[in-house]
1. Quick one: in the stretch 551-570, which of the residues that are of a type in the set (S, T, N, Q) and in a loop (DSSP other than H, G, I, E, B) is surrounded by the most Cβ atoms within 10 Å (Cβ to Cβ)?
2. Helices (runs of 4 or more DSSP H) wholly in the stretch 277-373 with at least 1 residues that are within 24 Å of I579 (Cβ to Cβ) and either out of contact with any strand residue (DSSP E or B) (no Cβ under 6 Å at 6 or more places or on another chain) or within 16 Å of the ligand (Cβ to nearest atom) (or both) - which ones?
3. Among the listed residues L592, L576, identify the single one that is in contact (Cβ under 8 Å) with a residue 24 or more places away in the chain, crowded, with 22+ Cβ neighbours inside 10 Å and not basic (K, R).
4. Quick one: is E573 within 26 Å of the chain's Cα centre (by Cα), under 29 Å from L413 (Cα atoms) and modelled with pLDDT of 95 or more?
5. Looking at the stretch 84-199, what helices (runs of 4 or more DSSP H) fall wholly within it and have at least 3 residues that are crowded, with 24+ Cβ neighbours inside 10 Å?
6. Are there any pairs, at least 6 apart or on different chains, whose C-beta atoms fall under 8 Å, with the first in the stretch 290-315 and in contact (Cβ under 8 Å) with a residue 40 or more places away in the chain and the second more than 16 Å from the ligand (Cβ to nearest atom) and basic (K, R), and if so, which?
Amino acid sequence: MCGIIGYIGEKPAGKILLNGLRKLEYRGYDSAGMLLLNKDKFTRIRSVGDIDKLEKKINGQWPKGKMGIAHTRWATHGGVTEKNAHPHFGRAKEVAIIHNGIIENYRELKEKYLKNHKFSSQTDTEVLAHLIEKYHQKHPLKKAVESALKKVHGTFGLAVISKKEPDKIIAGRSGSPLAIGVGDNQYFLASDATPLLTHTRKIIYLDDGEIAIIKKNNSYIYKIGNNNQINKKAQNIDWNTEEAQKGGFPHFMIKEIYDQREVFMDAIRGRLRPKEGSAQMGGFNLKDKEAQKIDRIILLACGTAYYSCLVGKYLFERLAQIPTEAEIGSEYRYRNPVIDNKTLVFSVSQSGETLDTLVSQREAKRKGAYVRGIVNVVGSTIAREADGGTYIHAGPELSVASSKAFTNMLAILTLYALYFGRLHKMSFETGNKIIKELEKIPGKINLILKQNEKIKKIAYKYSKYQNMLYLGRGINYPIALEGSHKLKELSYIHSEAYPAGEMKHGVNALLDKDFPVAAIATKNNLYEKMISNLEEIKARKSPFFVIATKGDKNIQRMTSDIIYVPKTIEILEPILNVIPLQLFAYHCAVKLKRNVDRPRNLAKSVTVE
Ligand code: F6R
């Protein structure tokens with residue numbers, strides 16, 4: 001996720017763009033930049049860090065111009081440096097662009113169409129800028145942008161300006177949001193309505209596959225590659241800024257749960273290798289030959305990230321047969337762990353700053369392990385200190401309780417398990433099946449989110465209890481743990497999670513009509529066992545709700561509180577099964593009037609012991 005904004009009108013653009021960036025900072029904040037066009041002169045200012053840093057760099061010397069574009073970055077391709085910050089120029093600096101999204105085939109585009117071009121950044125966006133400018137030598141700007149976009153695989157929300165056509169901004173969208181703000185003698189463009197609302201309430205949302213010519217008095221919208229104008233009416237938006245940042249959702253938590261539809265794809269995009277039935281992570285920095293020698297994997301993390309590691313253990317052992325341990329950072333750092341130079345350690349962290357995970361990573365490094373990060377925040381300490389790794393691309397997560405970072409951690413762990421599986425004994429067919437199923441996950445997440453109202457009803461019913469027990473088996477046991485963790489931190493309801501097979505060894509004593517259960521009973525090789533556990537719960541009169549596989553009618557004889565999830569392969573079940581549990585915890589918290597985005601006594605990033 002990044003934030004983009006554009007302005008064309010009669011006022012000096014600089015301050016409008018900078019104030020707009022501040023409102024978009026929640027979408028990304030590792031670097032920022034703006035570019036103004038004044039007559040035929042571009043002025044570009046960029047800086048590493050947040051918007052304050054950019055303002056400091058401007059230092060009161062506002063660039064001149066009544067049109068411009070600006071960007072706040074959440075790095076995907078290329079590190080956090082000023083050179084990688086947007087806007088980017090074409091080769092002759094005739095064209096400038098800002099972009100939110102990922103151009104997957106940027107290397108191919110470089111080799112095929114831009115052979116002798118020199119690039120000043122490591123970004124996919126600069127490649128697109130060069131390509132647009134190349135077509136612009138022969139074509140008007142709209143046609144040039146369309147010709148370039150035709151060649152692109154990936155996602156974009158972008159804005160382009162050209163010295164040759166200083167009366168317009170061209171905007172295009174596919175997969176990354178864009179909104180046009182309609183004013184009097186001024187038009188705006190942004191990733192969402194947030195920065196526009198101080199100027200106008202009239203917003204036109206672009207849909208995927210659309211391109212717009214934005215002038216100071218009007219905007220013209222087309223399908224990309226088509227010259228027939230589409231008639232789109234502006235909507236009147238009455239959200240305040242905070243509501244707009246939340247995309248109309250009441251809390252960041254629920255917005256981020258819904259974000260999972262899109263950001264899951266950002267985690268796997270460009271990393272699947274269908275021809276090899278495998279995956280490839282650019283920053284892994286280990287050759288296949290070296291990776292083949294790894295005989296032990298350690299996954300380090302805290303909290304929710306730790307539960308993703310517990311799923312990771314199942315994945316690595318099942319797919320690659322490599323002995324794997326998930327370790328809690330705060331425990332690991334005080335042990336004397338067995339590590340050698342055939343051990344691979346992954347530090348898994350949303351913030352990349354969790355102290356216990358960081359210190360454990362340092363210890364593992366000191367003892368000679370290969371250390372790699374699986375991190376969300378680009379340029380964070382864990383990411384910097386690891387010898388490589390993979391960003392999970394979940395975008396900024398603002399709710400204290402983690403949701404989309406968790407599912408994207410699962411995505412990356414699955415890709416690594418797939419990669420290691422294929423290095424060892426996993427067949428091409430199995431690898432390919434996993435790839436195909438991974439690609440179907442966003443659609444399936446969407447189907448689960450459509451049951452939000454039903455899940456809310458179940459949550460409201462169960463939120464009256466003081467306790468809750470979560471049960472799962474096999475690869476779904478960590479999901480029971482994560483579901484329980486979400487409920488505790490969001491709603492303050494006490495809960496525990498157990499592998500259902502453990503019930504007989506003690507936990508059954510808790511069960512009665514006041515002690516409800518949440519059970520994960522999707523159709524996998526442990527399904528029958530789980531059904532037996534549910535019979536026991538029913539016999540003890542505990543109320544319970546079940547996460548079941550769509551089409552499973554058998555389960556209906558046990559309870560009417562069923563949340564159906566689409567069928568997928570067993571190793572991907574955790575990604576789907578956690579979503580109803582996130583929604584359940586969220587709705588319990590709302591019902592109990594908790595501070596959903598900022599639960600008491602918790603912080604987003606735990607940088608102390
Ligand atoms: C729970 C939650 C925390 C974090 C934990 C690790 O919803 O967010 O349990 O998962 O503090 O944080 P990161 O992933 O930033 O290392």
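1. T568
2. Hits in the stretch 277-373: 303-315.
3. The conditions single out L576.
4. Values: within 26 Å of the chain's Cα centre (by Cα): yes; under 29 Å from L413 (Cα atoms): yes; modelled with pLDDT of 95 or more: yes.
Here the answer is yes, as E573 does meet what is asked.
5. Numbers: elements: 106-113, 124-136, 141-150.
Those helices (runs of 4 or more DSSP H) span 124-136, 141-150.
6. K293/K342; I294/K342; D295/K342; R296/K342; L299/K313
This table checks each residue for (1) in contact (Cβ under 8 Å) with a residue 12 or more places away in the chain; (2) outside the structural domain of D208 (by TED's automatic domain parsing); (3) out of contact with any helix residue (DSSP H, G or I) (no Cβ under 9 Å at 6 or more places or on another chain); (4) closer than 21 Å to Y26 by Cβ.
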| position | (1), (2), (3), (4) |
| --- | --- |
| R46 | yes, no, no, yes |
| G60 | no, no, yes, no |
| V80 | yes, no, yes, yes |
| K93 | yes, no, no, no |
| I97 | yes, no, no, no |
| G101 | yes, no, no, yes |
| T125 | yes, no, no, yes |
| K150 | yes, no, yes, no |
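Table: residues versus (1) free of Cβ contacts under 8 Å to residues at least 12 places away in the same chain; (2) over 28 Å from C309 (Cβ atoms); (3) within 16 Å of the ligand (Cβ to nearest atom).
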| residue | (1), (2), (3) |
| --- | --- |
| K454 | no, yes, no |
| Y498 | no, no, no |
| M503 | no, no, no |
| A519 | no, no, no |
| K523 | no, no, no |
| T549 | no, no, no |
| Q556 | yes, yes, no |
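The values are calculated or read from the model by the stated rules, or taken from the named source; none is laboratory data. All values reported here derive from a predicted model rather than from experimental measurement. Neighbour counts run over all protein chains shown; Cβ positions are idealised from the backbone, glycine included.
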